[in-house]
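Structure, as structure tokens:
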Amino acid sequence: MDAKKIDTVSKQVRRTYPEMDGCTPSVKRQANPSDGSETFMLTYRGRASLPGGKSLSRIVRVVTDGTGRILRISSSK
């Protein structure tokens, strides 16, 4: 996956999860053995500040196809 596609996906992730601003994703290639297609998993790790001086760690995983189209987004706290 090239840098331009990663940038496009990152902009979409930042719209939904603003705390991911400035995070660079780790990219893993995934092969789909059933149809031979290739997908990529981008993992973002960030921290959101909460009231009272606390913070929340958040992980956002994005699965995209080879063209950079988002197939699935999930987040965990």
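Scan the range 18-33 for residues that are closer than 17 Å to M1 by Cα, outside any loop (DSSP other than H, G, I, E, B) and at pLDDT 90 or above and jot them down.
S26, V27, K28, R29, Q30
Give me the pairs, please: first residue somewhere in the range 1-14 and of a type in the set (A, V, I, L, M), second residue anywhere and surrounded by 14 or more Cβ atoms within 10 Å (Cβ to Cβ) and part of a helix (DSSP H, G or I), beta-carbon distance under 8 Å, and either six or more positions apart or on two chains.
V13/M20
So if I check each of G22, G68, which one is surrounded by 10 or more Cβ atoms within 10 Å (Cβ to Cβ) and on the phi > 0 side of the Ramachandran plot? Don't jump to the end; show me each part of the working.
Working: G22 fails: surrounded by 10 or more Cβ atoms within 10 Å (Cβ to Cβ).
One residue alone meets the criteria, G68.
It is to be established whether one or more residues within the range 51-58 are in a strand (DSSP E or B), in contact with a strand residue (DSSP E or B) (Cβ under 6 Å, 6 or more places away or on another chain) and either surrounded by fewer than 10 Cβ atoms within 10 Å (Cβ to Cβ) or hydroxyl-bearing (S, T, Y) (or both). Before you say what the answer is, go through the steps one by one.
Filtering the range 51-58 down to residues in a strand (DSSP E or B) leaves 55-58.
Filter again for in contact with a strand residue (DSSP E or B) (Cβ under 6 Å, 6 or more places away or on another chain), leaving 55-58.
Filter once more, keeping what is either surrounded by fewer than 10 Cβ atoms within 10 Å (Cβ to Cβ) or hydroxyl-bearing (S, T, Y) (or both): 55, 57.
Within the range 51-58, one or more residues are in a strand (DSSP E or B), in contact with a strand residue (DSSP E or B) (Cβ under 6 Å, 6 or more places away or on another chain) and either surrounded by fewer than 10 Cβ atoms within 10 Å (Cβ to Cβ) or hydroxyl-bearing (S, T, Y) (or both).
Identify, by number, the condition in (1) assigned to a strand (DSSP E or B); (2) modelled with pLDDT under 90; (3) surrounded by fewer than 12 Cβ atoms within 10 Å (Cβ to Cβ) that A48 doesn't meet.
(3)
Going through I6, I73 one at a time, which residue ends up being surrounded by 14 or more Cβ atoms within 10 Å (Cβ to Cβ), assigned to a helix (DSSP H, G or I), within 11 Å of the chain's Cα centre (by Cα) and at pLDDT 90 or above?
On the way: I73 fails: assigned to a helix (DSSP H, G or I).
Just one listed residue meets the conditions, I6.
Please work out which residue is surrounded by the fewest Cβ atoms within 10 Å (Cβ to Cβ), limiting yourself to the range 25-45 and to residues that are of a type outside the set (S, T, Y) and within 16 Å of V9 (Cα to Cα). Even if it seems obvious, please write down each step before you answer.
First pass over the range 25-45, keeping only residues of a type outside the set (S, T, Y): 25, 27-33, 35-36, 38, 40-42, 45.
Next, from what is left, pick out any that are within 16 Å of V9 (Cα to Cα): 25, 27-29, 40-42, 45.
Values: P25: 20, V27: 15, K28: 13, R29: 10, F40: 20, M41: 16, L42: 22, R45: 13.
Among those residues, the one meeting the criterion is R29.
The values are calculated or read from the model by the stated rules, or taken from the named source; none is laboratory data. Nothing here was measured: the structure is a model prediction, and the numbers come from that model. Glycine also receives a Cβ, built like all others from the backbone with ideal geometry; neighbour counts cover every protein chain displayed.
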